[in-house]
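Structure first, commentary second.
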Amino acid sequence: MTDPIRITYREAVKQSIREALDKDPRVFLMGEDVGKYGGCFAVTKGLLDEYGEVRIRDTPLSESAFVGAGIGEGLGGMRPIVEVMTANFSLLALDQIVNTAATLCHMSGGQFPVPLVIRMATGAGRQLAAQHSHSFEAWYAHVPGLRVVEPATIDDARGMLGAALACPDPVIILEPISLYNMEGELTAAAGTVRLDGARVHRAGKDLTFVTYGASVWRCATAAEALAAEGIEAEIVDLRSLRPLDDATVLASVRKTRRVVIVDEGWRTCSLAAEIAMRIVEQGFFDLDAPIARVCTEEVPIPYPKHLEDAALPGPERVVAAARRLFSDAQ
Amino acid sequence: MPSEFRLPALGADMDDGTLVEWHVAPGDRVKRGDVVAVVETDKGAIDVEIFLDGIVKQILVSPGTRIPVGAVLALVETDVAAVTATGAGTDTAAPISAPAATPAPAAVVPPIRTDRPRISPAARRRAQELGVDAASLQGTGPGGSVTTADVERAQSTVEPSQRPAPAAVAEGAEKAERSGMRAAIAEAMSRSKREIPHYYLSTTSDVTPAVTWLASHNASVPVAQRLLFAALLVKAVALACRTHKGFSGFYRGGGYEESAAVHVGVAVALRGGGLVAPAIMDTADKTLAAVMEDLRALVTRARAGRLRASELAAPTIILTSLGDAAVDAVFPIIQPPQVAIIGAGAVAERPWVVAGSVVPRQVLTLSLGADHRVTDGRLGAQFLAGIAAKLADPASL
């Protein structure tokens, strides 16, 4: 452990890639514009010069081809990190991810696990409009054979890649676009974190926010506003979206008896729906109010700033949903 | 050593019930046959009789609690000599609703209500733990719902002696009883239509002989002994059950059992809404006068909400008559686990062909709803014809 240092989320991810490249010669990175351009979100800037084009590889614009190549490299003994520019574009590789990466270990009776890590940027908030801003976490979380994680903090951004590379299964790491510029303290300078399990981001006794990714910070802002009204909200950062950590969520629900699920995905068939159902299945008799959800409005993410903000589950909407769980008067 | 008074099965398919009220308190002397409590089941609110002689020592279940059949409701000191010897046979210090003495929470589920008060799941469980009547609380949660905090507040501010007495909640109780019955009917009828493959038959027959016989009989007896046409119908159904097998009994556990005794249940509409079908016991063995007497008593007690458990559980077949509602025919739904139900429309004067001429006759349409798992239409047709034949010969009733 070293002293805490202040870095950006982007820098934390970059450090984790650098560490992985340093520690294991089998590790390499490939994706669109990751080399010469330095990454669409500048995460890999400078790595080409440091590591050379064998380990930092620019690919053609074909998600299906380079994700498929990554699967082959993983099967062949390498430890590929494949970067997909945004979750929207990852849909072009959905066949490789769902039909191949997620299935081979199962179909080969455990003989061919696919140790592939796919990083992709997710979510809205940077005015990148409807083809670069969507949240497809629920799509991937639906698929057996995949591990899906979403680091919300600097520590997780720094530590999850190492854990993902150590995992024999395909791991999808979703990095919220809106967090790349976030600055914070890195408490565990070189630590690999655990890949699964949720985390209590803020302790509280009156209400539980269950959330993940960029929405953790929306909930943090909402929790401050609620604290001024005497409502102490607990925030559970899911971290792992598949598998989901029911135990941590339920422990919090049993304590607070009220839940607001904040999910940047669309509401219909969302992760929020899955989490709510699990709470009902396992904690129905612990609830003191209906479970509330704050999700992205069911529209393609708009380009104009004010409309983008209105579509997202912002802190004001989160606060309003929380208040409704206490009484109609508020 | 006190004896345990357990919740009896108040119906053929009853698994549990909700205790509505106690008619006895610790220290009261009870004897076999006394009505000691009222329990709401899916057949409605039912008086529960005790089959012990002695003194109530302790009451273990508080009103509002849902309990499984066989759960111990109270302790009764049956060794009265011991009671006398110790001087005080009752444990007056025991709380009326000792939470520790109620059955395991796992067996306790909230009662089925359609207009249920808004009580959060957590508050409901907490209220049961603390013995608080959550339905009587003013909720502060969303939609005025009662929350855990409301329950705990009520527990801390209300001393046990100040908890609402049965009288205080009686106003709401009647409403709750009615809605409970609606829910019970809904449950039973939904189950019936879900599980029982009904077939329906109807036959319209000339009942002029019965109507004429009834008029002359009633003219010859004091008013109090006059018969209603319904009594003839009940008796005719009962006698037909004797000779036609497969209609008076129960379908349970995948098989049908014919009942040795024939107890015809009579559907009685209640004034506030709702419906019960208490039995006239051993109907086929009773005289018409006895059937009539039972019928009168049942209707009176049904409308007063004072039916006995045995009467509600007993019917082996039900007769539902909507003659006074001026309908021609009824297509009734079987009450599980029974396998048949007879519907009777109004007796009305209609043109009828007798020996090639159209003449006015009193006619009645009888219908049969029967369980196709047990009988087929041909047997059903013979059964209906059997009832009509009995009616055609009223002197034989």
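The values are calculated or read from the model by the stated rules, or taken from the named source; none is laboratory data. Note that this is a predicted model, so its numbers are computed, not measured. Neighbour counts are summed over all protein chains in view; Cβ atoms, including those assigned to glycine, are modelled from backbone coordinates with ideal geometry.
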Log entry, pairs with first residue in the range B:220-244 being under 23 Å from residue B:314 (Cβ atoms), second being of a type in the set (D, E, K, R) and modelled with pLDDT of 90 or more, beta carbons closer than 8 Å, six or more apart or on different chains, reads B:235/B:286; B:235/B:390; B:236/B:390; B:239/B:390; B:240/B:390
Quick one: which of A:268, A:296 is more than 12 Å from chain B (Cβ to nearest Cβ), crowded, with 20+ Cβ neighbours inside 10 Å and hydroxyl-bearing (Ser, Thr, Tyr)? A:296
Residue A:41, sole failed condition from (1) under 13 Å from residue A:119 (Cβ atoms); (2) part of a loop (DSSP other than H, G, I, E, B); (3) modelled with pLDDT of 95 or more: (3)
List the residue pairs whose Cβ atoms are under 6 Å apart, where the first residue sits in the range A:314-327 and is within 11 Å of chain B (Cβ to nearest Cβ) and on the phi > 0 side of the Ramachandran plot, the second is in a helix (DSSP H, G or I) and surrounded by fewer than 16 Cβ atoms within 10 Å (Cβ to Cβ), and the two are 6 or more positions apart or on different chains. none
Candidates B:10, B:75, B:60, filtered to the one that is closer than 16 Å to residue B:309 by Cβ, of a type in the set (A, V, I, L, M, F, W, C) and either in contact with a Pro (Cβ under 6 Å, 6 or more places away or on another chain) or outside the structural domain of residue B:298 (by TED's automatic domain parsing) (or both): B:10
May I ask you to list the residues in the range A:217-261 that are within 21 Å of residue B:141 (Cα to Cα) and within 17 Å of the chain's Cα centre (by Cα)? A:261
Check the range A:258-265 and report whether any residue there is within 12 Å of chain B (Cβ to nearest Cβ), touching an Asp or Glu at 6+ places or on another chain (Cβ under 8 Å) and crowded, with 22+ Cβ neighbours inside 10 Å. yes
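Answer yes or no as to whether residue B:333 is over 13 Å from residue B:202 (Cα atoms), assigned by TED's automatic domain parsing to the domain that holds residue B:205, assigned to a strand (DSSP E or B) and within 25 Å of the chain's Cα centre (by Cα).
Numbers: over 13 Å from residue B:202 (Cα atoms): yes; assigned by TED's automatic domain parsing to the domain that holds residue B:205: yes; assigned to a strand (DSSP E or B): no; within 25 Å of the chain's Cα centre (by Cα): yes.
So residue B:333 does not fit the description; no.
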Out of (1) without any contact (Cβ under 8 Å) to a residue 60 or more places away in the chain; (2) exposed (fewer than 13 other Cβ atoms within 10 Å of the Cβ), the one residue B:322 does not meet is (2)
Test for residue A:267: is it closer than 23 Å to residue A:121 by Cβ, in contact (Cβ under 8 Å) with a residue 12 or more places away in the chain and of a type in the set (Lys, Arg): yes
How many residues does the range A:67-92 hold that are more than 17 Å from residue A:111 (Cα to Cα) and part of a helix (DSSP H, G or I)? 10
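Could you check the range B:299-312 and list, in sequence order, the residues that are of a type outside the set (Ser, Thr, Tyr) and either surrounded by fewer than 21 Cβ atoms within 10 Å (Cβ to Cβ) or part of a loop (DSSP other than H, G, I, E, B) (or both)? Let's see the steps before the verdict.
In the first step, residues of the range B:299-312 are kept if they are of a type outside the set (Ser, Thr, Tyr); the result is B:299, B:301-309, B:311-312.
Within the range B:299-312, B:299, B:301, B:303, B:304, B:305, B:306, B:307, B:308 qualify.
Examine the range A:188-197 for a residue that is within 21 Å of residue A:278 (Cβ to Cβ) and in contact (Cβ under 8 Å) with a residue 60 or more places away in the chain, and state whether such a residue exists. Before the answer, list the steps.
Just the residues of the range A:188-197 that are within 21 Å of residue A:278 (Cβ to Cβ), to begin with: A:194-197.
Filter once more, so that each one left must be in contact (Cβ under 8 Å) with a residue 60 or more places away in the chain: none.
No, the conditions are met nowhere in the range A:188-197.
Within the range B:157-174, is even one residue at pLDDT 60 or above and closer than 15 Å to residue B:133 by Cβ? If you could, list the steps in order and put the result at the bottom.
Pass one, the range B:157-174, residues at pLDDT 60 or above: B:157.
Now drop any that are not closer than 15 Å to residue B:133 by Cβ, which leaves B:157.
The answer is yes, given that some residue of the range B:157-174 is at pLDDT 60 or above and closer than 15 Å to residue B:133 by Cβ.
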Tally the residues that are surrounded by 14 or more Cβ atoms within 10 Å (Cβ to Cβ) and either of a type in the set (A, V, I, L, M) or not assigned by TED's automatic domain parsing to the domain that holds residue B:375 (or both), restricting the search to the range B:205-258. 16
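For residues that are in a helix (DSSP H, G or I) and exposed (fewer than 14 other Cβ atoms within 10 Å of the Cβ), tally how many sit in the range A:17-38. Lay out the reasoning, then the answer.
Quick first cut of the range A:17-38, residues in a helix (DSSP H, G or I) only: A:17-23.
From what is left, the residues that are exposed (fewer than 14 other Cβ atoms within 10 Å of the Cβ) are A:22-23.
So the count comes out to 2.
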Report whether or not residue B:318 is over 16 Å from the mean Cα position of the chain (by Cα), aliphatic (A, V, I, L, M), closer than 30 Å to residue B:253 by Cβ and not in a loop (DSSP other than H, G, I, E, B). no
Considering the range A:157-216 alone, what residues qualify as being over 29 Å from residue A:93 (Cβ atoms) and small (Gly, Ala, Ser)? A:184, A:188, A:189, A:190, A:191, A:203, A:204
